[in-house]
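The values are calculated or read from the model by the stated rules, or taken from the named source; none is laboratory data. Given the structure is predicted, the values throughout are model-derived calculations rather than measurements. Positions of Cβ are generated from backbone atoms using ideal geometry, with glycine treated the same way; all protein chains shown enter the neighbour counts. Note: areas computed on protein heavy atoms with side chains; ligands, DNA, RNA excluded. Shrake-Rupley method; radii C 1.70, N 1.55, O 1.52, S 1.80 Å.
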Amino acid sequence: MDSISSRLEAEQPVSFDSTIRELQTIWEGELSIDVSISTEAMNALTGSKITSTILSEVLIEVITNAAKH
């Protein structure tokens with residue numbers, strides 16, 4: 001999660017796709033992370049770096065909380 005955190009702290013855009021892949025790798029063996037998103041929604045995320053970054057932050061928080069509880 002360090003690479004995601006460092007990008008967020010540096011205020012660099014974060015790809016939703018890369019966040020999902022990194023979280024799946026980090027939590028492999030502990031959590032099963034399956035994400036289903038429509039093509040239309042993915043296109044919207046790809047087109048907006050701000051939205052993609054914010055959703056990535058939310059996803060990190062949700063998955064971390066799920067792992068803790």
Report, by residue number, each residue of the stretch 36-60 that is under 11 Å from the mean Cα position of the chain (by Cα) and open to solvent by less than 70 Å² (accessible area, probe 1.4 Å). SER52, THR53, LEU55, SER56, LEU59, ILE60
Please list, ordered by first then second residue, the pairs with beta carbon atoms under 8 Å, 6 or more apart or interchain, first in the stretch 49-69 and under 20 Å from SER32 (Cβ atoms), second open to solvent by 80 Å² or more (accessible area, probe 1.4 Å). ALA67/GLU30
Scan of the stretch 10-35 for residues that are open to solvent by 60 Å² or more (accessible area, probe 1.4 Å), of a type outside the set (Val, Ile, Thr) and under 13 Å from the mean Cα position of the chain (by Cα), ordered by number: PRO13, ASP17, ARG21, GLN24, ASP34
Inside the stretch 19-45, can you point out the residues that are polar (S, T, N, Q) and free of Cβ contacts under 8 Å to residues at least 24 places away in the same chain? GLN24, THR25, SER32, SER36, SER38, THR39, ASN43
Quick check on this structure: which one of ILE33, ILE4, ILE20, ILE37 is at pLDDT 90 or above and touching a helix residue (DSSP H, G or I) at 6+ places or on another chain (Cβ under 6 Å)? ILE33
Please verify whether GLU9 is among the acidic types (Asp, Glu) and at pLDDT 85 or above, treating the condition exactly as stated. no
